[in-house]
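Shown next, in structure tokens, is the structure this report addresses.
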Amino acid sequence: MNKKKIVFLVPSLAPAGSEKSFLRVVNSIAETNYTVSVIIFSPRLNLLNQLNSAINIYKLNGKTSNPLFLLKVYLRFY
């Protein structure tokens, strides 16, 4: 059976409460029948090493000024 895809867009992985909650959720999903990708906008990646190794990580480092950005993201994953 093919794995389903799920993509998360997050502003950063700075060590804050919501980011830590996000890590618990995304790591749990990565252990199921999903291919998980995380797109991170900011260069603040303090918690990057806590992501499950099966998760695809894309770091944009704030490079989202292109008006066609969301279309490119959509086409990249679907």
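The values are calculated or read from the model by the stated rules, or taken from the named source; none is laboratory data. Since the structure is predicted, the reported quantities are computational estimates derived from the model, not experimental observations. Note that each Cβ is placed from the backbone with ideal geometry, even for glycine, and that neighbours are counted across all protein chains shown. Surface accessibility is based on the protein's heavy atoms, side chains included, excluding ligands, DNA and RNA. Shrake-Rupley method; radii C 1.70, N 1.55, O 1.52, S 1.80 Å.
Label-to-label distance for residue 28 and residue 7 is 2.4 nm, based on points extended 7 Å past Cα in the beta-carbon direction. For region 35-42, 3J(HN,Hα) computed residue by residue from phi via the Karplus equation (6.51, -1.76, 1.60; θ = phi - 60°) reads 8, 9, 10, 10, 9, 10, 6, 9 Hz, glycine and proline entered as x. The solvent-accessible area of residue 20, taken with every protein chain present and a 1.4 Å probe, is close to 100 Å².
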